[in-house]
Amino acid sequence: MFADWWQWARRHPRAVDVAIAVVLWASAVFSSTLTGARIVRVPTLDFSLVAVVPSAVLLLGQRRFPRTVVAVTTVCGGVLGVMGGRIGFDPSPSVVGAALVALYLLALRTDLRTTVTYTAGMAVALALVSVGWGHGALLRPDQIGTLSCVLLAGAVGESVRNRRDHLAAVEARAELAEHTREEEARRRVSEERTRIARELHDIVAHHIALAHAQAATAAYLLRSRPEQAQDMMDQLAGTTSSALRELKATVGLLRREGDPETPLEPSPGLAQLPELIASFERTGLAVSVSVEGEERALSSGTDLTAYRIVQEALTNVTKHAGSATASVRLRYTRRLLSLTITDDGHEPRTAGEPGYGLIGMRERALSAGGWLAAGHRASGGFEVTTELPLETLETLETAEPDPHQGGPGPHQDDEERTAR
């Protein structure tokens, strides 16, 4: 029931203002009929007419001119008090009811400084006028009651305004927190999509390049050496099967929790490097691997990043370099893993638009807290160099540069990094 009335009041604010003005006028007129505790007279016409003025001023101007309304209603309340003293009744706080409501609304819509100023002004003005109500007598009950109501009206208005502002601030903070959570969720989704896109690119590029090389070799051997061609076709079948398994494992990351047939295979790492090298050697690419320093355990993210960088670099050699040899060098230090993949190619086998291989490798290295540079060597061929932290990004930031590490650095000019 109360909620229905409250909703009605919110929809009809002017009707509420009229009702308040009428109630204030009736209270002021009724107070003029009281002497002590009993009704002793009929309200006078002149008092009733004057009592309309503060209520009308409050009704018409409290939304547009709150400060002026407080001043005018205070003056009207003082006049009514003087009139009441002359016709023989002790003015009560209801005589200045319109001024009290105006002060409350002013406190509700302005700041603390304005509220204190107008509350003090109203209190002083009514205190001075109330002396004339009782013909010079001080500290009468009606004076104390009126001044108490003035202070209470200002205090209640300020308290309600503070609570309203506090609730608004809490709601704003909650909305900001919700918006921030949504932005963070969108950012994480975007990062995950980019990561999966890199995985799919590396898998497809690697296996398609191997399959293309094996199919071309089988076609070449088919007429002259059919037995070797058959072996190559068997290897091609193995390559395509491996590609399907890795694609299934990667796309399976998009499954929701509880979906059936979620792949459980671990992500590849440097432990699978021999199998990776063997897959390239079957296409005729000779790859040498060297390891310097004491091998150390890698985090899963760094391990996968290192594997994918080697995979993509060798895939680029197979696709683009006119080379039959490549080398992979792993160098472990206390804080870093350095990878260098080089080939002795000279001219690209095929021409075409640049791909996303180097972009993906750089993104992988940066996401793991490292860096990557690639470009043609002065002596011929192409070189990819990267450094990945063995621990955390903070550890990498505090690590000193390795003076023994050759190759291009993380700030190498972009023009020296040839896109492949």
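Of all residues in region 183-216, which are without any contact (Cβ under 8 Å) to a residue 12 or more places away in the chain and of a type in the set (S, T, N, Q)?
Ser190
Hey, among Val52, Val69, which residue is in the same structural domain as Ala153 (by TED's automatic domain parsing), closer than 20 Å to Cys149 by Cβ and either modelled with pLDDT under 90 or surrounded by 13 or more Cβ atoms within 10 Å (Cβ to Cβ) (or both)?
Val69 is the lone residue from the list that is in the same structural domain as Ala153 (by TED's automatic domain parsing), closer than 20 Å to Cys149 by Cβ and either modelled with pLDDT under 90 or surrounded by 13 or more Cβ atoms within 10 Å (Cβ to Cβ) (or both).
Test of understanding: among Thr217, Thr146, which residue is under 30 Å from Val70 (Cβ atoms), of a type in the set (S, T, N, Q) and in contact with a helix residue (DSSP H, G or I) (Cβ under 6 Å, 6 or more places away or on another chain)?
Thr146
Examine region 107-115 for a residue that is among the charged types (D, E, K, R) and part of a helix (DSSP H, G or I), and state whether such a residue exists.
Checked region 107-115: at least one residue is among the charged types (D, E, K, R) and part of a helix (DSSP H, G or I).
Can you pull out the residues in region 316-341 that are in contact with a helix residue (DSSP H, G or I) (Cβ under 8 Å, 6 or more places away or on another chain) and surrounded by fewer than 20 Cβ atoms within 10 Å (Cβ to Cβ)?
Leu330, Arg335
On the given criteria, is Arg113 at pLDDT 90 or above, surrounded by fewer than 23 Cβ atoms within 10 Å (Cβ to Cβ), more than 14 Å from Ala153 (Cα to Cα) and under 45 Å from the mean Cα position of the chain (by Cα)?
Spelling it out, Arg113 is indeed at pLDDT 90 or above, surrounded by fewer than 23 Cβ atoms within 10 Å (Cβ to Cβ), more than 14 Å from Ala153 (Cα to Cα) and under 45 Å from the mean Cα position of the chain (by Cα).
So which of Ala168, Ala229, Ala123 is at pLDDT below 80, on the phi < 0 side of the Ramachandran plot and aliphatic (A, V, I, L, M)?
Just a single option satisfies the conditions, and that option is Ala229.
Please pick out the residue among Leu128, Leu200, Leu139, Leu147 that is on the phi > 0 side of the Ramachandran plot and modelled with pLDDT under 90.
Leu139
Of all residues in region 278-329 being aliphatic (A, V, I, L, M) and assigned to a helix (DSSP H, G or I), which is nearest to the chain's Cα centre (by Cα)?
Across region 278-329, the extreme among qualifying residues is Leu304.
Counting just the residues of region 55-67 that are touching a residue at least 12 places away in the same chain (Cβ under 8 Å) and either in contact with a Phe, Trp or Tyr (Cβ under 8 Å, 6 or more places away or on another chain) or among the hydrophobic types (A, V, I, L, M, F, W, C) (or both), which one comes out farthest from Ala21 (Cα to Cα)?
Among residues in region 55-67 that are touching a residue at least 12 places away in the same chain (Cβ under 8 Å) and either in contact with a Phe, Trp or Tyr (Cβ under 8 Å, 6 or more places away or on another chain) or among the hydrophobic types (A, V, I, L, M, F, W, C) (or both), the one farthest from Ala21 (Cα to Cα) is Arg67.
The values are calculated or read from the model by the stated rules, or taken from the named source; none is laboratory data. Keep in mind that what you see is a predicted model, and the values were worked out from it rather than measured. No Cβ is skipped: glycine too gets one built from the backbone with ideal geometry, and neighbour counts run over all protein chains shown.
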